[in-house]
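Colleague: Can you keep this structure in mind? I'll have questions shortly.
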Amino acid sequence: MPTTVTVNGTRHDVDLPGDVPLLWVLRDELGLTGTKYGCGVAACGACTVQIDGEAVRSCQVALADVWGAVTTIEGLGRPGALSALQQAWQDHQVAQCGYCQSGQIMQAAALLETTPAPTDAEIDEAMQGNLCRCGTYPRIRAAIHSAAQMIKEG
Amino acid sequence: MSRLGKITRRSFLIGSVALVGGVAFGVYAVSRPAPNPLDPAEGGATLNPFVLINPDGITLIAPKAEMGQGIHTTWAALIAEELDVALDQVRVLHGPPAAAYYNSVVLAEALPDKGYDRSDMAHALGEQLGKIGKLLDLQITGGSTSVPDGYDRMRAAGASARETLKQAAAERLQIDRARLRTEAGAVIAPDGSRLAYTDLAVAAAGLDPIEAPLRPKSDWRLLGRTQPRVDMLAKITGTATFSIDVRRPGMKFAALRRNPHLGGRMIRFDDSAARAMPGVDRVINLDDGFAVVASNTWLAMQAADAVEVEWGGAPHPATPEAIFGKIAEAFDGRANSTLRDDGDVSAPPLGTEEISAEYHLPYLAHATMEPMNATALYSGIKLEIWSGNQLPLIIRNACAQAVGLKPEAVELHTTLMGGGFGRRAEPDFSVYAARVAREIADTPVQLTWSREEDMSHDYYRPGAIARYRGGVKDGRAVMIDGQIAAQGATPQAMGRWLGLPIAGPDKSTVDGAYNQPYAIPNYRIRGYLADLDLPVGFWRSVGASFNGVAFDWFLDELAHAAKADPLAFRLAAMGDTYAPARQVLEAVRDLSGWDGPRAANTGRGVGFCYCFGVPCATVIEVAEADGEVSIPRAWIAADVGTALDPGNLEQQFTGALAYGLSAACFEEITFTDGAADQLNFPDYEALRISTMPEVSLRILENQPHIAGAGEPGTPPAMAALGNALFDLTGTRPRRLPLMHDFPLKI
Ligand code: FES
Ligand code: FES
């Protein structure tokens with residue numbers, strides 16, 4: 001029996017076993033490759049998406065357990081229509097290899113939803129599960145502060 | 001076998017012999033220009049292998065692996081500076097594998113001189129040696145060589161294309177070329193009218209290319225300023241295509257499982273349960289392992305777990321201790337190199353206080369954020385392959401050989417890379433994808449390694465033991481005598497890549513130790529090759545990643561014995577050897593406020609290393625609170641000769657520091673029964689945003705030669721951290737990772 005998931009506002013009927021992690025449904029079934037595989041064991045954050053606004057590791061959420069609307073990096077903003085966070089990422093030229101950045105941005109977006117003006121400690125707390133082997137952390141921090149400011153000023 | 005292999009003798013000596021032998025017999029092949037591999041579409045033209053102009057726009061070719069270091073942007077800026085186009089006006093593509101894209105400087109890195117003392121003459125010899133790279137199919141991204149490789153050649157390519165386009169316009173307008181100028185992708189006539197390059201390209205391609213002098217630095221518009229990266233927008237919107245993101249119609253997904261006991265065979269396997277699992281198409285025997293082909297990657301990985309398999313044993317010592325015992329045994333044999341022997345270390349001056357120390361540095365995995373993977377499509381007469389790789393020509397050839405095709409029948413697309421750090425120079429992940437594709441002809445297949453497969457089948461940074469003895473007198477270093485034992489990464493990799501046996505001294509084992517710009521009067525460094533055959537390769541900063549630590553830690557111990565300030569001690573030991581090295585130490589001293597007051601419960605350490613042509617000094621501050629040690633701040637000073645993109649340099653040095661500190665704090669690969677004991681990030685921790693220091697950087701431009709920045713920031717960061725921990729705790733670091741001996745915050 002196909003499972004129905006809503007991703008970035010579009011409903012999809014997915015004909016896969018219910019235990020397939022959302023990560024692989026997105027990447028291999030729906031062609032939404034912005035969400036990345038890094039570890040498969042909740043240790044790197046590369047696969048972070050949001051379900052009903054909450055940041056989750058999509059490698060750990062089985063298709064059958066998806067409890068709400070999924071937002072991926074592709075749904076957050078597009079080239080030409082960037083979200084505030086992506087604009088801040090662009091302004092600070094955050095990415096190096098870029099592979100972790102979808103996950104970083106989705107995690108940061110969830111943080112700003114609940115904590116519109118995060119302190120450094122709150123950023124550490126929210127973002128420490130997101131590994132970046134290229135070491136872009138200082139710019140990630142700066143971009144989150146900028147985006148918070150941008151959103152506040154409308 | 002490479003083309004050079006056919007015309008040279010069997011053994012290729014990396015070093016001074018290659019200069020004589022290599023250049024002498026290969027003169028014609030060395031100097032002949034390589035053919036232009038670009039194939040312009042209808043109505044387009046290519047002016048040289050780096051500039052392609054079609055009616056719909058201008059494409060610049062940056063045939064370098066973009067693995068996060070920003071080389072596509074800097075490379076394009078070098079061409080654009082002379083071509084007079086804006087970076088947002090052009091497309092930047094990696095381009096096909098081709099001899100025209102050989103690395104012109106990487107072989108010069110193999111010269112056994114010290115680097116900082118290289119005369120102009122030796123630099124010229126290095127350039128000659130570099131041209132042999134064309135014959136060796138060395139289109140390689142690595143060794144921090146991209147910027148020096150492209151610096152003159154790409155500006156020349158841009159200048160030549162510009163003047164040739166102007167000539168085409170001059171002929172069309174029937175006026176003298178000197179009366180024309182160029183701007184933003186167009187030739188401007190004296191009356192102000194614009195002729196777009198896209199309209200002139202076909203005519204220009206029919207002309208002989210015109211050479212033009214390079215513009216002086218003072219005229220630069222792009223170079224020397226921070227450029228927005230050409231790959232940024234795609235990377236922050238999830239639209240960048242890494243090789244793991246390649247999608248082809250009808251594509252299958254595959255998982256790989258190889259014998260975890262490295263070098264062991266697969267004795268037997270039973271795939272009946274796996275084949276019955278949902279979505280599974282096939283299980284393919286690969287001799288030392290198998291691949292499962294399925295309708296998605298996770299189903300393939302699950303099925304791989306369900307295969308019952310019996311693995312053969314590995315030909316390596318059974319325990320981590322036995323492996324290091326084998327490394328230590330190398331000291332009993334003959335030295336492979338003595339690349340420095342100044343003065344007489346057996347007779348230090350009377351009254352010298354002697355100390356000694358031994359350091360153990362572990363094997364390391366690269367752990368690129370994107371695990372190894374590649375996509376391939378085999379049709380019987382053709383192989384198409386998509387892979388993020390640092391060595392395209394050799395990898396294309398290896399894939400061709402693996403599926404029984406000629407290299408010309410293989411089309412290799414080099415994609416963006418989710419990190420490289422040296423790992424993606426290896427052909428293995430592309431070759432396995434090609435082999436799987438051959439078994440399911442006409443079906444594109446993506447072979448993705450699980451993180452566990454990636455970490456357990458790396459070409460590891462070799463583990464090393466360094467033994468130092470040294471002496472101080474009157475507060476100064478008077479003697480340093482180092483012995484380093486490790487597996488030789490270069491000989492093993494050259495055999496693997498080129499099929500050439502490499503003899504002679506292996507520089508990579510002693511790099512970062514023998515070539516440090518210190519005027520210590522009695523200074524000897526000997527290298528020993530360990531008789532082990534674990535797979536080893538190039539890890540960000542190569543030999544300097546262990547020597548830059550051990551050598552500098554020992555200097556710190558000498559400074560302590562001399563009761564001297566560690567930074568002033570290093571400055572005194574440098575004397576007048578190489579002014580740019582002194583200047584980076586002085587810069588980091590001032591930047592960090594080294595001589596100023598220090599907060600309670602903090603420690604500071606300095607580290608210095610000269611490698612890949614860059615002197616780099618780092619100061620690290622550590623702080624203790626609640627029994628945990630954190631790293632709040634870091635200061636870096638480095639001299640790259642000419643700073644092409646300051647913003648990018650900040651990223652590179654910050655990233656190199658983070659990569660080094662991650663390894664220094666937490667990382668090691670140990671082998672039990674020849675199999676890696678660490679398989680995923682929980683066993684191989686790295687710096688996180690919460691443990692990353694705040695970084696300040698000063699870039700200097702005092703040295704005459706331009707140098708690359710990807711690697712030199714790694715060794716001194718690791719060294720400085722150990723020295724800071726000593727300052728805080730009084731305990732000397734003698735091994736990595738430091739978490740074994742210090743209560744580091746995770
Ligand atoms: S892939 Fe999900 S956390 Fe790493
Ligand atoms: S940008 Fe490369 S892993 Fe984060």
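The values are calculated or read from the model by the stated rules, or taken from the named source; none is laboratory data. Bear in mind that the values here come from a model prediction, so they are computed numbers and not experimental data. Don't worry about glycine lacking a Cβ; one is built from the backbone with ideal geometry, like all the others, and counts go over all protein chains shown. Please note that ligands, DNA and RNA were not included when accessible areas were found on the heavy atoms of the full protein model with its side chains. Shrake-Rupley method; radii C 1.70, N 1.55, O 1.52, S 1.80 Å.
Colleague: Select from region B:207-245 the residues that are open to solvent by 20 Å² or more (accessible area, probe 1.4 Å) and touching a strand residue (DSSP E or B) at 6+ places or on another chain (Cβ under 7 Å) and write down the one among them that is farthest from the other protein chains (Cβ to nearest Cβ).
Modeller: B:PRO209
Colleague: A further question on this structure: Considering (1) within 12 Å of chain A (Cβ to nearest Cβ); (2) touching a Lys or Arg at 6+ places or on another chain (Cβ under 6 Å), say which one B:GLY418 fails and leave the rest.
Modeller: Every condition holds for B:GLY418 apart from (2).
Colleague: Just give me the residues in region A:124-147 being part of a helix (DSSP H, G or I), within 19 Å of A:ASP91 (Cα to Cα) and open to solvent by less than 10 Å² (accessible area, probe 1.4 Å), in sequence order.
Modeller: Listed by number, the residues that qualify are A:TYR137, A:ILE140, A:ALA143, A:ILE144, A:ALA147.
Colleague: Something else: Spot the failing condition for A:GLN90; the list is (1) of a type in the set (S, T, N, Q); (2) in contact (Cβ under 8 Å) with a residue 12 or more places away in the chain; (3) buried (at least 20 other Cβ atoms within 10 Å of the Cβ), and only one is missed.
Modeller: Just one mismatch for A:GLN90, condition (2).
Colleague: Check every one of the strands (runs of 3 or more DSSP E) wholly within region B:602-646 and list those with 2 or more residues that are in the same structural domain as B:TYR518 (by TED's automatic domain parsing), among the aliphatic types (A, V, I, L, M) and crowded, with 24+ Cβ neighbours inside 10 Å.
Modeller: Of the strands (runs of 3 or more DSSP E) lying wholly inside region B:602-646, those with at least 2 residues that are in the same structural domain as B:TYR518 (by TED's automatic domain parsing), among the aliphatic types (A, V, I, L, M) and crowded, with 24+ Cβ neighbours inside 10 Å span B:614-625, B:628-639.
Colleague: Moving to a separate point now. Taking only region B:446-500 into account, find how many residues are touching a Pro at 6+ places or on another chain (Cβ under 7 Å), of a type in the set (A, V, I, L, M) and part of a strand (DSSP E or B).
Modeller: Residues flagged as touching a Pro at 6+ places or on another chain (Cβ under 7 Å), of a type in the set (A, V, I, L, M) and part of a strand (DSSP E or B) within region B:446-500 amount to 3.
Colleague: Are there any pairs, at least 6 apart or on different chains, whose C-beta atoms fall under 6 Å, with the first in region B:561-586 and more than 17 Å from B:ILE636 (Cα to Cα) and the second of a type in the set (Gly, Ala, Ser), and if so, which?
Modeller: B:ALA562/B:GLY475; B:ALA564/B:GLY475; B:PHE569/B:ALA559; B:ALA573/B:ALA477; B:MET574/B:ALA581; B:GLY575/B:ALA519; B:THR577/B:ALA519
Colleague: Here's a check for you: in region B:249-258, which residue that is away from chain A (no Cβ under 11 Å) and charged (D, E, K, R) is least open to solvent (accessible area, probe 1.4 Å)?
Modeller: Only one residue tops the list, namely B:ARG258.
Colleague: Determine whether region A:100-117 contains at least one residue that is open to solvent by 10 Å² or more (accessible area, probe 1.4 Å) and within 16 Å of ligand 2 (Cβ to nearest atom).
Modeller: Yes: one or more hits.
Colleague: Any residue in region A:48-65 that is of a type in the set (Asp, Glu), assigned to a helix (DSSP H, G or I), within 7 Å of chain B (Cβ to nearest Cβ) and surrounded by fewer than 22 Cβ atoms within 10 Å (Cβ to Cβ)?
Modeller: No: region A:48-65 contains no residue that is of a type in the set (Asp, Glu), assigned to a helix (DSSP H, G or I), within 7 Å of chain B (Cβ to nearest Cβ) and surrounded by fewer than 22 Cβ atoms within 10 Å (Cβ to Cβ).
Colleague: Out of (1) surrounded by 24 or more Cβ atoms within 10 Å (Cβ to Cβ); (2) facing chain B (nearest Cβ under 9 Å); (3) in contact with a Cys (Cβ under 8 Å, 6 or more places away or on another chain), what's the single condition that is false for A:VAL41?
Modeller: For A:VAL41, the exception is condition (1).
Quick grid of which residues meet (1) under 16 Å from the mean Cα position of the chain (by Cα); (2) hydroxyl-bearing (Ser, Thr, Tyr):
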| residue | (1), (2) |
| --- | --- |
| A:ASP52 | yes, no |
| A:VAL56 | yes, no |
| A:TRP67 | no, no |
| A:ASP91 | no, no |
| A:THR114 | yes, yes |
| A:ARG133 | no, no |
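Colleague: Could you tell me how many of the residues in region B:664-687 are touching a Lys or Arg at 6+ places or on another chain (Cβ under 8 Å) and away from chain A (no Cβ under 14 Å)?
Modeller: Here the count works out to 0.
Colleague: Of the residues in region A:46-99, how many are within 13 Å of ligand 2 (Cβ to nearest atom), of a type in the set (A, V, I, L, M) and not assigned by TED's automatic domain parsing to the domain that holds A:ARG139?
Modeller: Total satisfying the criteria: 1.
Colleague: Sort through A:GLN87, A:GLN104 and tell me the only one that's within 16 Å of ligand 1 (Cβ to nearest atom), more than 7 Å from every other protein chain (Cβ to nearest Cβ), within 24 Å of B:GLN69 (Cα to Cα) and part of a helix (DSSP H, G or I).
Modeller: A:GLN104
Colleague: While we're here: So A:GLY98 passes all but one of these: (1) under 15 Å from the mean Cα position of the chain (by Cα); (2) part of a loop (DSSP other than H, G, I, E, B); (3) closer than 29 Å to A:THR3 by Cβ; (4) free of Cβ contacts under 8 Å to residues at least 12 places away in the same chain. Which condition number does it fail?
Modeller: The number of the failed condition is (3).
Colleague: In region A:2-21, how many residues are within 11 Å of chain B (Cβ to nearest Cβ) and not in a loop (DSSP other than H, G, I, E, B)?
Modeller: Counting residues in region A:2-21 that are within 11 Å of chain B (Cβ to nearest Cβ) and not in a loop (DSSP other than H, G, I, E, B) gives 2.
Colleague: Just to be sure before I move on: is A:THR35 of a type in the set (Ser, Thr, Tyr), surrounded by 21 or more Cβ atoms within 10 Å (Cβ to Cβ), at the interface with chain B (Cβ under 10 Å from one of its Cβ atoms) and within 16 Å of ligand 2 (Cβ to nearest atom) in the structure I sent?
Modeller: For A:THR35, the condition - of a type in the set (Ser, Thr, Tyr), surrounded by 21 or more Cβ atoms within 10 Å (Cβ to Cβ), at the interface with chain B (Cβ under 10 Å from one of its Cβ atoms) and within 16 Å of ligand 2 (Cβ to nearest atom) - is met.
Colleague: May I pose another question? Is it true that B:MET455 is closer than 18 Å to B:GLY95 by Cα, touching a residue at least 24 places away in the same chain (Cβ under 8 Å) and not assigned by TED's automatic domain parsing to the domain that holds B:GLY710?
Modeller: Answer is no for this residue.
Let's see how each residue does on (1) within 10 Å of chain A (Cβ to nearest Cβ); (2) under 19 Å from B:ARG423 (Cβ atoms); (3) not in a helix (DSSP H, G or I):
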| position | (1), (2), (3) |
| --- | --- |
| B:ASN648 | yes, no, no |
| B:GLN652 | yes, yes, no |
| B:LEU657 | yes, no, no |
| B:SER662 | yes, yes, no |
| B:ILE689 | yes, no, yes |
| B:ASN702 | no, no, yes |
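Colleague: Shifting gears a bit: Which of the residues that make up region B:55-70 are open to solvent by 10 Å² or more (accessible area, probe 1.4 Å) and either within 14 Å of chain A (Cβ to nearest Cβ) or part of a loop (DSSP other than H, G, I, E, B) (or both)?
Modeller: Selection gives B:PRO55, B:ASP56, B:MET67, B:GLN69.
Colleague: Taking A:CYS44 and the conditions (1) away from ligand 1 (no atom under 13 Å from the Cβ); (2) of a type outside the set (S, T, N, Q); (3) within 24 Å of B:THR237 (Cβ to Cβ), which numbered condition does it fall short on, given that it satisfies the others?
Modeller: With respect to (1) away from ligand 1 (no atom under 13 Å from the Cβ); (2) of a type outside the set (S, T, N, Q); (3) within 24 Å of B:THR237 (Cβ to Cβ), A:CYS44 is out only on (1).
Colleague: Among the residues of region B:691-700, what is the count of those that are facing chain A (nearest Cβ under 9 Å) and surrounded by fewer than 19 Cβ atoms within 10 Å (Cβ to Cβ)?
Modeller: The total comes to 1.
Colleague: Being touching a strand residue (DSSP E or B) at 6+ places or on another chain (Cβ under 9 Å), farther than 18 Å from B:ALA80 by Cβ and at pLDDT 80 or above narrows it down to one of B:ALA41, B:ALA65, B:ALA18, so name that one.
Modeller: Result of the check over B:ALA41, B:ALA65, B:ALA18: B:ALA65.
Colleague: In region A:22-31, which residue that is facing chain B (nearest Cβ under 8 Å) and surrounded by fewer than 23 Cβ atoms within 10 Å (Cβ to Cβ) is nearest to ligand 2 (Cβ to nearest atom)?
Modeller: A:GLY31
Colleague: In region B:245-266, is there at least one residue being over 31 Å from the mean Cα position of the chain (by Cα) and outside any loop (DSSP other than H, G, I, E, B)?
Modeller: Among the residues of region B:245-266, at least one is over 31 Å from the mean Cα position of the chain (by Cα) and outside any loop (DSSP other than H, G, I, E, B), which makes the answer yes.
Colleague: In region A:83-124, what residues are more than 23 Å from A:VAL56 (Cβ to Cβ) and β-branched (Val, Ile, Thr)?
Modeller: A:THR119
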